[in-house]
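Working notes, structure below.
Read-outs: derived from the displayed coordinates by stated rules, not from any lab. As the structure is a prediction and not an experimental result, all values here were calculated from the model. Heads up, the Cβs are rebuilt from the backbone with ideal geometry, glycines too, and the neighbour counts pull from every protein chain shown.
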Amino acid sequence: MDKVGRMGEFTNPMMEMAFRKKEWEQLKQRMIFASFAGGLAYFFAIIGDVMVTNSESMLRDLLIMRSSVLLIALAVGVCGFFLKEYTTLLNKIICGLLFFVLLGESAELTIKAELFEYVGIPGVSILVLLFYLSFPPRFISVLAVCLTGSSLYLFTCALLGYASVNYIYTSLLFLLVVNGFGAYVYLQFSILRRREYSALEELKKNAEIDALTQVYNRRKVLELGDGEIGKANSFGHQYSVIMIDVDNFKSVNDIYGHAVGDQVLLEVATRCRKLLREDDIFGRFGGEEFVVFLPRTNINTALVIGERLLSEISSAPFETNKGSLLVTMSLGVAALTAAKEAPRKLLEMADEALYEAKKTGRNKVCTTHQVVKSSNMVLPNTPIAAL
């Protein structure tokens, strides 16, 4: 399970980004709701200002301040509708809104300095707690905003000179408690969500990845392959499949033991995966058999890839606990034709070609197709990544 750091984030940056992308929809909804609800609530507090304020200039300043915060909140909410996927911009605009709301509290204190009642719990402490509980994307950012806003509020109280020392001291205690409690709850929630996500990803990986070879297991590789072949048939794209079988694998197990057999399978998977393209789908079909699904690949190119896989396995011995072993394998290649074969039919064609390779001497690549060489055929020295 991936480790979660003290800041409530995965120590693995890629895992952290994957988590944020998965949480994006929930985060987006929270952002839109908090922006609209918070902005409107803050703006309509002008009703209370009207009740206690007699000065038109003071009321005008308060209206400008609250309208500015409302506009920023609405802009953040609208931005949420147009952001289709997670971006670091999200963290910046949310924290920007939080900062302007807290800045508004200090501005309100300045405008209403003579009318303000410096008693009880400061309203800014409630806002700070709500900010933590809204669970914005990054803890370090919301912590910086809340501490800055709290400090600015206390500094404004002291600078204006109307607040008593007792009120400033009480406000300081409240803000320390609120920031401490809010930070604790935020971190605990963040850690809990990430541990839950990590556990689910681990279960998903165990359900899709072959434990020994660390490539897709039979269920997952067939699921992905079936979907891709279906798409290729729908859009008229070329598609090929390679079935792979490690030669004389039973003899390896009988002579050297199953531990060495496991090492051989792992090395076969590692070498094949290293040679294949990023879009190719590779997995363990069962026992000593593997399968490769090759998108946008014709039969000629698939045969070239098969020959390279064959060469990669047989060119260098496998180092095992019982010494070096020379390993070979047989490959059967099939490709979609004008008949637009179903996924299982294409696998059956590749399996027939594999049977032919094993029947005629092993350590070779065979196909049931009639191959016609043309000027478009890929030459053996062309890098696979470029196919």
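Overview of results
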{"item": "14 Å beta-carbon shell around Phe235, net charge (K/R +1, D/E -1)", "result": "+2"}
{"item": "Helix 258-275 axis, angle to the chain major axis (alpha carbon atoms, nearest 10°)", "result": "70 degrees"}
{"item": "Calculated FRET efficiency for the pair Leu172/Ala45, C-beta based, R₀ 35 Å, to 0.05", "result": "0.90"}
{"item": "Packing-based exposure ordering (other Cβ within 10 Å, fewest first) of Cys146, Cys272", "result": "Cys272, Cys146"}
{"item": "Violating pairs (Cα-Cα greater than 30 angstrom) within the set Lys220/Lys364; Lys92/Lys205; Lys92/Lys220", "result": "Lys92/Lys205; Lys92/Lys220"}
{"item": "Separation of alpha-carbon centers, the stretch 118-181 and the stretch 15-60, rounded to whole Å", "result": "17 Å"}
{"item": "Distant-in-sequence amide H partners of Phe285 (H built 1.01 Å from N, under 5 Å)", "result": "Phe290, Val291"}
{"item": "When the convex hull of its Cα atoms is projected in every direction, mean area for the stretch 13-207 (nm²)", "result": "11.7 nm²"}
{"item": "Lys250 paired with Ser151, simple spin-label distance in nm, labels 7 Å along Cα-to-beta-carbon", "result": "7.5 nm"}
{"item": "In Hz, Karplus ³J(HN,Hα) per residue of the stretch 364-369 (6.51, -1.76, 1.60; θ = phi - 60°; x = Gly, Pro)", "result": "7, 10, 10, 8, 8, 7"}
{"item": "Computed [θ] at 222 nm, deg cm²/dmol, the chain (DSSP H ≥ 4; -39,500 (n - 2.57); rounded to nearest 500)", "result": "-21500 deg cm²/dmol"}
{"item": "Relative packing of peptides 101-107, 217-223 - highest average C-beta neighbours within 10 Å first", "result": "101-107, 217-223"}
{"item": "Whole-number percent relative contact order across the chain, with pairs defined as alpha carbons under 8 Å at least 6 apart", "result": "13 percent"}
{"item": "Separation between Cα centres of the stretch 326-364 and the stretch 244-292, rounded to whole Å", "result": "16 Å"}
{"item": "Helix 165-208 vs. the chain, principal-axis angle (Cα, 0 to 90°, nearest 10)", "result": "10 degrees"}
{"item": "Cα lying deepest toward the dipole's positive end in the stretch 218-386, options Val291, Val260, Met329, charges on Cβ", "result": "Val291"}
{"item": "Using alpha-carbon coordinates, inclination of helix 56-82 to the longest axis of the chain, degrees", "result": "10 degrees"}
{"item": "(i) 100, 48, 31; (ii) 105, 50, 38; (iii) 60, 48, 35, with the label sought being that of the calculated Cα extents along the principal axes in Å", "result": "(i)"}
